[in-house]
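Taking it in order: structure first as structure tokens, then the write-up.
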Amino acid sequence: MNQAVLILIKPDGLKKSLTGNILTRLSESKLEIVAAKMVRVSKELAEEHYQHLKGKPFFNELIKYLRGELHDRRKVMALVYWGEDAIEKCRELAGSTNPEEAESTTIRGSYGRITTIGVYENVIHASSNEAEAEREIKLWFMPEEIIVDLYVTTQVLEKERKKKAWA
Ligand code: IDP
Ligand code: MG
């Protein structure tokens, strides 16, 4: 069954110049990239993305981590992969959440670490199931940023608003 999955290359992955390596690993899946962009992550976006972990002792550090505050890299790379069993394939290539427990051949096993303050720096995010993938993709991307129609859309009339354009 064809599925979509949100992948984030987290700030540690960017700082360690791992983008190429990670994309090469993910390409083993033979999935199609249908959206990609760099994102400066607001506190609201980070907290909404990790809403299921609110209340965990590491939550505040996790938000700082995703926003790049621990790596002086205020950005993440966000991608949507699409194809047969996309979630399972990407989660398998990513490896376990805890990078010390992840198989050494996986992305997290190869490049992740646990910091002394206990944050799992595991270089990528991959959605964990279809419902989460849909929620996350809608959070990170607008419909026109994705080159296929993944979810039902509606037409809205945009109120007059200022936006940046090329001069
Ligand atoms: P996942 O990324 O494998 O889906 P989640 O449980 O959704 O794992 O956790 C989201 C992120 O929060 C992880 O990727 C990791 O960076 C961090 N995290 C999860 N559990 C822990 C923990 O017990 N200690 C420190 N960081 C954690
Ligand atoms: Mg998760």
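Across the stretch 81-103, what is the total count of residues that are farther than 24 Å from residue 4 by Cβ, open to solvent by 60 Å² or more (accessible area, probe 1.4 Å) and within 16 Å of ligand 2 (Cβ to nearest atom)?
Qualifying residue count, the stretch 81-103: 1.
Of the conditions (1) under 20 Å from residue 22 (Cα atoms); (2) within 17 Å of the chain's Cα centre (by Cα), residue 50 satisfies every one except a single condition; which number is it?
Tallying (1) under 20 Å from residue 22 (Cα atoms); (2) within 17 Å of the chain's Cα centre (by Cα), residue 50 fails exactly one: (1).
Tell me, which residue of the stretch 23-72 that is of a type in the set (Ser, Thr, Tyr) and outside any helix (DSSP H, G or I) is surrounded by the most Cβ atoms within 10 Å (Cβ to Cβ)?
29
Using the structure shown, decide if residue 7 is of a type in the set (Val, Ile, Thr) and assigned to a helix (DSSP H, G or I).
Taking the combined requirement at face value, the residue does not satisfy it.
Within the group 153, 116, 105, which residue is in contact with a helix residue (DSSP H, G or I) (Cβ under 6 Å, 6 or more places away or on another chain), away from ligand 1 (no atom under 11 Å from the Cβ) and assigned to a loop (DSSP other than H, G, I, E, B)?
Exactly one residue qualifies, and that residue is 153.
What are the pairs with Cβ atoms under 6 angstrom where one residue, in the stretch 26-40, is closer than 17 Å to residue 89 by Cβ and the other, located anywhere, is open to solvent by 90 Å² or more (accessible area, probe 1.4 Å)? Sequence gap at least six, or different chains.
From residues that are closer than 17 Å to residue 89 by Cβ, the pairs are 34/147.
List every residue pair whose Cβ atoms lie under 6 Å apart, where the two residues are 6 or more positions apart in sequence or sit on different chains, the first residue falls within the stretch 113-131 and is closer than 12 Å to residue 95 by Cβ and at pLDDT 95 or above, and the second residue, located anywhere, is part of a strand (DSSP E or B) and open to solvent by 20 Å² or more (accessible area, probe 1.4 Å).
Filtered contacts from the stretch 113-131: 120/114.
Which ones in the stretch 119-134 are near ligand 2 (Cβ under 8 Å from one of its atoms) and surrounded by fewer than 24 Cβ atoms within 10 Å (Cβ to Cβ)?
125, 128, 132, listed by residue number.
So which of 115, 106 is more than 18 Å from the chain's Cα centre (by Cα) and open to solvent by less than 30 Å² (accessible area, probe 1.4 Å)?
Criteria check complete, one pass: 115.
Residue 72 passes all but one of (1) charged (D, E, K, R); (2) at negative phi; (3) touching a residue at least 40 places away in the same chain (Cβ under 8 Å); which number fails?
Condition (2) is where residue 72 drops out.
The values are calculated or read from the model by the stated rules, or taken from the named source; none is laboratory data. Everything numeric here is computed off the predicted structure, so don't read it as measured data. All Cβ positions, glycine included, derive from the backbone under ideal geometry; neighbour counts span all protein chains shown. Each accessible area value is taken on the protein alone, full model and side chains, heavy atoms only, with ligands, DNA and RNA left out. Shrake-Rupley method; radii C 1.70, N 1.55, O 1.52, S 1.80 Å.
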